[in-house]
Each structure stands twice: as structure tokens, then as C-alpha cells.
Amino acid sequence: MIARASQLFLPTLRDDPAEAEAASHRLLVRGGFIRQVGAGLFTFLPLGWRVHQKVVQVIREEINAIGGQEMLEPVLTPAELWETSGRFGIPIVFHLKDRTGRDFVLPFSHEETMTFHARELQSYKQLPQLWYHFSTKERDEPRARGGLLRVREFIMKDSYSFDRDEAGLDRSFDAHKAAYERIWERCGLEAYYVVAESGIMGGRESSGFMAPAGSGENILVSCENGDYFADYDAAHGIPRAPTFPPPLERPEEVETPGATTIESLAELLDIDSAATSKAMPVMVGERPVLALIRGDDRLSEEKLVTALGEAYRPMTDDEITAVFGAGGGSIGPVGVTVDVVADETLREGQFVAGANRDGWHLRGVEAGRDYEPRFADIRQANAGDACPICGGELREQTAIEIGHIFKLGTFYSVPFGAMFLDEDGEEKPLVMGSYGIGPARTMAAIVEQHHDDDGIVWPRSVAPYDVHVVALPGVEEQAERAAEVLAAGGAEVLLDDRDARAGEKFADADLIGCPVRVTVGKKTAEDGAVDVRDRESGEERRVAIDELGGVL
């Protein structure tokens, strides 16, 4: 096929958008691929939609290859489905009412709707099943940024597996892992399979895929020895050992006026900040919970959601005072009646903790002796921590999460009553998995990894066109002939037949980034050949027009 630039909507820009920081954001806007409508809202222009749909087709082919059945579910979703799953109140969910006052949701994923339909699966003989769709998602994202990296509306491929047992789920999960790895390879992406958190999606286990990038909304944590990769929110690192003061037989109160931060507390008591504990009071529905981490650590919100099994919110100042009898800088786990979830780093040793009395703390607080917590890994791993596999040093780098796969188990099937009759005659809940890829974010990741100072360098598998033919003045007929020969050889051709300066055409060709540029110039009229330039390597060669059919 041949597309003529003179007839296309190709609004390229010479200058970077003022608000764009990520390379993918800058180049996709400048190249005429996308335009912003509002915060986190983008239109895909013709070039951008071609790329998006090529990414979609790669994904479709690989999911079909593992038995996927494509379907389409509505975006507008009755609120009852999300109330059934317990996810209706999640802050990023868009809520709306129709004219009669009935509540609806604009979902960021379709677990609820898929499980609703899965109730029609009655027998083990119908299993396993693998359903998927490409559907618009909505997310009430408070910090939309980075172009396509963090948006409020997007298309996602989400697939869902339904199995009779955990062994079947493992097979479905592994099949998706392999399919995703083939997708990244076909899209020309360097990607790592990482440990991840399930968070608000629910379930017992999940893994992600992350692409290193100059800009991104995630951090890839990896071991210097290459044997451990994790999403920042899920990474497990072994921190340095604290320097403890001499142990005490029982906690001792110490007055700490004005010491409401870990730094001021450690300085006042002349102790290692790692020998203190930090209290993070939250509400899980109507239930108060105290999360406890080491003083020099940060709480991982995703890990805490996983540990609690549901979403939470921070307590208000009034709630903290009502529950603990003190302000947030002086609360601790001793003597409280709420559930305490303590990080694994607090399992051994004695720490300084709040005394639940303003201006006072307790020395020598020991888990198991002075309070009974439930232990979980809820700290944020840090660069410099030791690797949990080999003890090597953990490192951090900016990355983009391009895929996430979840073992949901029966998290959704039980509340929805999605049951089947097994071979032994017993009714059992379906065992589910959920698997997501965002084509737009994949697009952005490709640009982040494949660009130079002049523009995008698309891999052929997802390029808007295979060949960009630049027609210079006076040889329009030869340019048409070159485009026809290329198209006859199976290439998708963008023919720049605009009445524009040569420099502008060359700049646009580099910016748009098709894998091959063919220049038809004055010399062509003499020798019947054209300059063929590889966009990635910059190598040029002279090829006769009649031989262009094999140029790719």
C-alpha cells in the first residue's frame, strides 16, 4: 500500500512541547502521533493509531496462539458488580449516576464483568477457558504525566483464565508469561520479568514486566549479579543491621518533647534511626490498623494492601487521637487494642516506639514480649540493600511497567458465586488469573528505548510504515515508480509528495522514524537509482528503482 503525505493529517512540530519531559512524550507529539486533549487524555492521530494497532495485532496473535478467545465487554458497568467484589470504594475508580440515580462504574479493569459471565461455566468439562478483549479503561489518576506513561483513559488488553484448580492456574499463568515474552521480543523491547505486588487487583501472587527507560513511572530494582529483578513496590531487600543500645528487661518511658519525626527522635536520644520504629495508622473500611516499620524505612503502600487483603486509607488526625490518645508523632504498638502489622525487620531486637502519650516514647520495645503483631514484608526496599538471593547489592533504575499478570485464585469467583461441578461431583469455585498489557504504554516504552537526537527509530514490526520515500523536486514520476515497486514487494510505503523543502522532508522522515528512507533526487533522473538509508544504523546504499522490491 502507498500513503501520500500530501493527503494525510501529519502535523509534525519543530519544537518540543513545553510540558513534555519524557522522550516518548516529546517525540510522539512532535512526530504527529498523538495530541493531548486534557490531563491524561490523548487522541491518537492517524500515524499514532497505525502504530497502536500494530502493537495490538502483535498482542492479539500471541494471545490467540495460547488459546485466547477475543470478545468485548462494555465500559459502563453496574455498580453492583464492583460492590460484590469489594472494589467499589477504591479512590481511582470513576463513579457516575444515570438519570434515575442508579450507580455505575467506569472500570480500570474488567475482573468483575468477566466473572459475571463466567457464572455460565457449569462443568469441569468446559475448563480451562481463556477470554480476552481490548477495551477502553478509565482511571481517576491524580498525577497524570509523562504523555502515554500515566493517563486517565487508555485501551488495555486484559485476558482472564478460568481453571478447575491451582495446577491449571499455574499452566495458564506460565502460558501468559511465555506469550508476553514473545510480544516484547516482537516489539523490539528489552524487558525483565519481575516480582510484583497484586495490590488493588486482589489475589495471592503476581508478576510484572518492566522495560528500562530514560523516563518512566516505575523503578526497576535489580541485583548487581543479575539474579533478582523486582518492581520497586514489591522488591525485597535486606537492610543493614541496626546499632542497638543495651537491651532492657521491660520498656521504659522517656520524655521526648518536640520529637515528632524519626530524625529528631534519633538525634534527641543519640541512637541509630534504624533502632526506632515508625507507626503508620490506617483505616481498613471501619477497622483501625497500625502498620509498623523501622524508623529509617519507608512504607510500601502496595505491600500493605497485599498484607491487609484490601485497600486502606490513612487515618485523619482526629481518628488518630480518638484511637491512640495521642498525636501521630507519639503513637506506638504497646498497649493498643487495634491490629498491628509489623515489618519483618522488627521481628528481632528492641526498638524505640511511641508511648501513645504526646511528648513521650518507649525505649526497649520488643515484638512478641510487649506487643503481638502480625509480621509481613511492608517496607520499601532501597538501593544498597542486600539481594535476598545472593547478598549482592541492589540497584535501582527508571523503568516502565508494560505488563502485569496475576494469580487471582478464587478472590472474585467466590463472592460472585462462579462455581462449577468438578469430576468428583463436588461444586467448586473457578480458579482465576488476570493478565494485562497496555498497547499505548508499550508504544511509549518502544520510543523510550528506540530513539536518537533526530527522532524515533521504530522496529519494523510496529512502524507506521515500512519505508518513507522522500521525493525531491523534479523527479516526482520516479518517486511514484519507486513507491509502486516497494509496495509490489509487500512494503507499506509513506510517499512524501508534499510541496516542501528538502530539509523539512528529511527532518520529518527522521522524526517519524520509519525503518527505511528512500531518497529520490536529481541523480535518479540520470542513473535510475535511489539512496536507501537504514534509519537505525544510518548506513546508505545506492539501489536501482527496479530492484527496490527486495530492499526490506
For residues that are within 23 Å of the chain's Cα centre (by Cα) and charged (D, E, K, R), scanning just the stretch 157-170, find the one that is surrounded by the fewest Cβ atoms within 10 Å (Cβ to Cβ). Asp170
Test each condition in (1) under 30 Å from the mean Cα position of the chain (by Cα); (2) modelled with pLDDT of 95 or more for Leu304 and report the one that comes out false. (2)
What tally of residues in the stretch 382-411 results from selecting those that are of a type in the set (D, E, K, R) and over 23 Å from Met156 (Cα atoms)? 4
Report whether or not Arg395 is assigned to a loop (DSSP other than H, G, I, E, B) and either under 27 Å from Asn218 (Cβ atoms) or out of contact with any strand residue (DSSP E or B) (no Cβ under 6 Å at 6 or more places or on another chain) (or both). no
So which residues in the stretch 420-474 are under 22 Å from Arg4 (Cα atoms) and of a type in the set (Asp, Glu)? Asp466
If you scan the stretch 114-126, which residues turn out to be part of a loop (DSSP other than H, G, I, E, B) and touching a Leu at 6+ places or on another chain (Cβ under 7 Å)? Leu121, Gln122
What about Ile405, is it part of a loop (DSSP other than H, G, I, E, B), touching a strand residue (DSSP E or B) at 6+ places or on another chain (Cβ under 8 Å) and not hydroxyl-bearing (Ser, Thr, Tyr)? no
In contact with a strand residue (DSSP E or B) (Cβ under 9 Å, 6 or more places away or on another chain), over 30 Å from Ser109 (Cβ atoms) and either aromatic (Phe, Trp, Tyr) or assigned to a strand (DSSP E or B) (or both): is that true of Glu366 in this structure? yes
Residue count, the stretch 310-344, condition part of a loop (DSSP other than H, G, I, E, B) and over 19 Å from His361 (Cβ atoms), comes to 6
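Condition check ((1) in the same structural domain as Asp508 (by TED's automatic domain parsing); (2) of a type in the set (Phe, Trp, Tyr); (3) buried (at least 22 other Cβ atoms within 10 Å of the Cβ)) across all residues:
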site	(1), (2), (3)
Gly425	no, no, no
Val431	no, no, yes
Gln449	no, no, no
Glu484	yes, no, no
Gly490	yes, no, no
Please find, among Ile90, Ile66, Ile59, the residue that is within 17 Å of Asp158 (Cβ to Cβ), at pLDDT below 95, of a type in the set (A, V, I, L, M) and not assigned by TED's automatic domain parsing to the domain that holds Gly309. Ile90
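The values are calculated or read from the model by the stated rules, or taken from the named source; none is laboratory data. All values derive from a computational prediction rather than experimental measurement. No Cβ is skipped: glycine too gets one built from the backbone with ideal geometry, and neighbour counts run over all protein chains shown.
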